[in-house]
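What follows is calculated from the coordinates using simple rules that are stated; it is not laboratory data. Keep in mind that this is a model prediction, so the values were computed, not measured. Every residue, glycine among them, receives a Cβ derived from its backbone with ideal geometry; neighbour counts consider all protein chains shown.
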Amino acid sequence: MPQPARFALRPLALATSLFCLGAPTVHAAQSPSTQEAARSYRIAGGSLVSVLNSFAEQSGIFIAGHNSLAAGKTSPGLSGSYTPAAGLQQLLQGSGLQAVPQGNNSYVLEPVPANTGALELGATTISGQALGATTEDTQSYTTGSMASATGLPLSMRETPQSVTVITRQQMDDQGSTSIADTLRRAPGVSVQNYDSERWEFSSRGLPITNFQYDGVNSTYDGVYDYGTTSTDMAVYDHVEIIKGSAGLLSGSGDPSATVNLIRKKPTKDFKASVTQTFGSWDNYRTEGDISGPLTESGNVRGRFVGVYQDRQSYLDHYQNTKDIAYGILEADLTPDTLLTFGIDQQDTRSRGASWTGFPMYFSNGSRTNFSRSFNPAADWSRRDFQNQTLFASVQQQLANDWSLKVSLDRKRSQHDTLLGSASGGNPDPVSGDGMYMFMGKYKGDQVQNTLDVNLSGPFSLFGREHELIMGFMATRSKQDVPVYGSIYPPVGGSIFDWHGEYAKPDIPRSGQNDIVQRQTGAYLATRLKPTDDLSVILGTRVSNFSGTDTTDFYDPTKADNRTTYRQSGVVTPYAGIVYDLNDTWSVYTSYTQIYRPQNSKDADRKLLDPIEGDTYEAGLKAAFYDGRLNASFAAFRIEQDNVAEYVSGFETDSVYRPIAGATTKGFEAELSGEVLDGWNISAGYTYQHTRDANSGYVYSSVLQTTTPQQVVRLFSSYRLPGALQNLTVGGGVNWQSEFFGNVFQPDPNDSVNFGHTSRITQDSYYLVDVMARYRFNEHLSTTLNVKNLFDKKYYTGLGNFGTGFYGEPRSLQLATKWDF
């Protein structure tokens, strides 16, 4: 069968002869099925001539044009799944050129006509910019390319795992400024509170402990937190959530999900904006963002994002402030060498920060009924976080579309915590007496250094083209933790008269705790294409883990403690198969092993053995409108051993025991993207069933709660047509089934045990959010968000030290943005 005609821009004499005599003959157009066929591309940026040559060769299209049009111009390249028209649109961004379709798989390069900025590529069902790895300015709720699962740049349809992407547009529409705001509305994710500062995110019934920043793993501490769950979202382009295991790239972690936060990048053209936000409970926020070229040629580009926020809360005597500064530089050292350097500084300070919540039972065993504004924290109680990340990378384009990338990250996280919270005990139902304080001083300084080197590109085998990535990662994390301890004095009055006034304690330092964790790993993954319709992704990782946890006490009568672990040659295989049923639908299946060392200790203060297990997944995916609307259905099964279950104790002195045979099974469905022109949607339903080997519930190791078995997330926005085109309206529903926690319930009739463990249930509930945006002109717009529209009262945390925590009441937020 003859190959389609191909024309690269090198033979310019032929191109010139075609056009000097006038316009070319217009051939009959191809059938839509042929013309709109999409395929995956991985074309490095560089000169426009060479990039178009590569695209023409890979796509089988014919491009004609003048040498002078493309000479001296550059292109960002292409990564992801595109039709020929959409691919050309992406490649020609910022070039001042357009590709005009002529039929028979041929296109003509022409200058963009005066007074227009759009590239005319013919009519499409869904308007807007072609999707790539960046979501900013696409007005979309989905992405065209991502690499979080395998390291290979794949579309969501090509990735053999369930994937959720929260884009910049969706975060702006939902008024999400923090990671908790973002994840609590993400399909398949549920959120519970430890207290006023800490959250636990869960997926598929299991806690999420894998957090990445531009694909670089970050050490997560679920107790001290170090500010991870307070991350501000102003500096991020989008969030990629890979459901299930991601051991190929992370090495270790829970099989719940991996949350990868993708930072904003400098733009080739100047852009700037200032956003001023006002919200309920004196929430004031100012955000600035400026980006663009720093040299006349544009080979050096920069971006700066700054945020200052000062807010109070529905909780009495609570205040929180944020200072965010983010800067990034990109420099094209050569047409094939890209240097990136940046710094991300996020400082958060809180006063009136609680340590757990409020008691669930009175001393006589009856239920308490505190108001949502009740704050058990002392007015001086604080959690202060400082997080600074320095990151740099060099990406070198090699011959034959291969690429070498070297990345180095240094993240320093500090927390300074002095807590006082009237959360202990069970008050008398009449007098309110009987409560005691949780008081403690904690400090920590964690430094994590990470090196990642990877080489990727296409290769030919048996007459077909495939993809390969290989790499090495090394990370070292050290925590310097002065030991101060905790005290539990009586409140000294009625809890009903509590207003946060309590003397600040002097808690002396009692020792030093040093925690060092190291991990190295070499990984290899390939995407084989035995046929046009079949992709086989195979990968493996070999990892080494080691760590020490040493506590030295000043008191010579108190025994020091030292635990170590070391595991070498841990192999984590990965396998996935994707089969295209047609140009829209695919079926897939995947398998990943689970391995995660633990910091949890048993009654003898020995570390529990690593969690091990397997993850299985199979599903159906679809991509409509050139990938601007993605749909998926997945069934999954997770098998784990040595899962930590809480037994007793407080914070770092807690005692755990391992659970054997913990199994999670379930399914999830998701739809994201643009249904019609101007109509975006993000929707998901998840069902999971988690039990141990004896069919008992598996509780969260800190919160002592289950997670909801069913989660529904829905949010949609619509830009009105015609005369109302400046108005966008939207709304969403977040529903979840019941969950419950284990809480101590006093029993005055029990003279031996004085009570027993009781199970408290938070019934299923739904929250409704609405939004509206009006764009006054090309520069000015205002967005109104109303969250928890019907002011639902519900628990968002249960069981942390036997306490409860209410979710946020109805709130309003008005954000006005000026685009320069």
What number comes out for the charge environment of Lys529, summing +1 per Lys or Arg and -1 per Asp or Glu over other residues with Cβ under 12 Å away?
-> -3
For every other residue with a beta carbon closer than 15 angstrom to the beta carbon of Gln397, add +1 if it is Lys or Arg and -1 if Asp or Glu, then tell me the sum.
-> -2
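Tell me the relative contact order for the chain as a rounded percent, counting alpha carbon contacts under 8 Å between residues six or more apart.
Details: 2332 pairs, mean separation 81.0, N = 820.
About 10 percent, as a whole number.
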Taking Cα pairs under 8 Å and at least six residues apart, what relative contact order does the stretch 39-111 come out at, in percent?
-> 37 percent
Using r as the Cβ-Cβ distance of Ile343 and Ala559, and R0 as 51 Å, what FRET efficiency do you calculate, to the nearest 0.05?
-> 0.75
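Per-residue ellipticity at 222 nm for the chain, helices alone: DSSP H runs ≥ 4 residues times -39500 (n - 2.57), over residue total, nearest 500 deg cm²/dmol? Present the calculation step by step, with values, prior to reporting the outcome.
Working: 8 runs with 53 residues, N = 820.
For the chain, the value works out to -1500 deg cm²/dmol.
Note down the net charge around Tyr308, summing +1 for each Lys or Arg and -1 for each Asp or Glu among other residues with Cβ under 15 Å from its Cβ. Intermediate values should be presented prior to the final figure.
Details: positive: Arg285, Arg311, Lys322, Arg349; negative: Asp232, Asp282, Glu287, Asp289, Asp310, Asp323, Asp347.
Charge balance near Tyr308 sits at -3.
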What are the principal axis extents of the Cα atoms in the stretch 183-295, in Å, biggest first?
-> 44, 39, 26
log10 I(q)/I(0) for the stretch 356-466, Debye formula on C-alpha points only (no solvent), q = 0.15, 0.22, 0.24 Å⁻¹, two decimals, reads -0.81, -1.12, -1.21
Based only on Cα atoms, what Rg/Rh ratio does the stretch 39-111 have, Rh being taken as Kirkwood's radius?
-> 0.91
Taking Cα pairs closer than 8 Å and at least 6 residues apart, the relative contact order of the stretch 445-574 in percent is 22 percent
What dipole magnitude, in Debye to the nearest 20, does the chain give about its Cα centre under +1 on Lys/Arg Cβ and -1 on Asp/Glu Cβ?
-> 780 debye
Any idea how far the Cα center of the stretch 665-688 sits from the one of the stretch 250-306, in Å?
-> 26 Å
Expected sort for 182-191, 592-601, 391-400 on mean C-beta neighbours within 10 Å, highest first, is 182-191, 592-601, 391-400
Using Cα centres only, tell me the gap between the stretch 483-529 and the stretch 702-780 in whole Å.
-> 27 Å
Treating cross-link reach as a plain straight distance, find the lysines whose alpha-carbon is under 23 Å from the alpha-carbon of Lys606, omitting any fewer than eight places away in the same chain.
-> Lys478, Lys558
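Expressed as a whole percent, how much of the Cα-Cα distance distribution for the chain exceeds 42 Å?
Values: 110466 of 335790 pairs.
The proportion of pairs with Cα distances above 42 Å equals 33 percent.
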Of the listed peptides 687-693, 212-218, 772-778, 499-505, what is their order by residue-averaged count of other C-beta atoms within 10 Å, with the highest listed first?
-> 212-218, 687-693, 499-505, 772-778
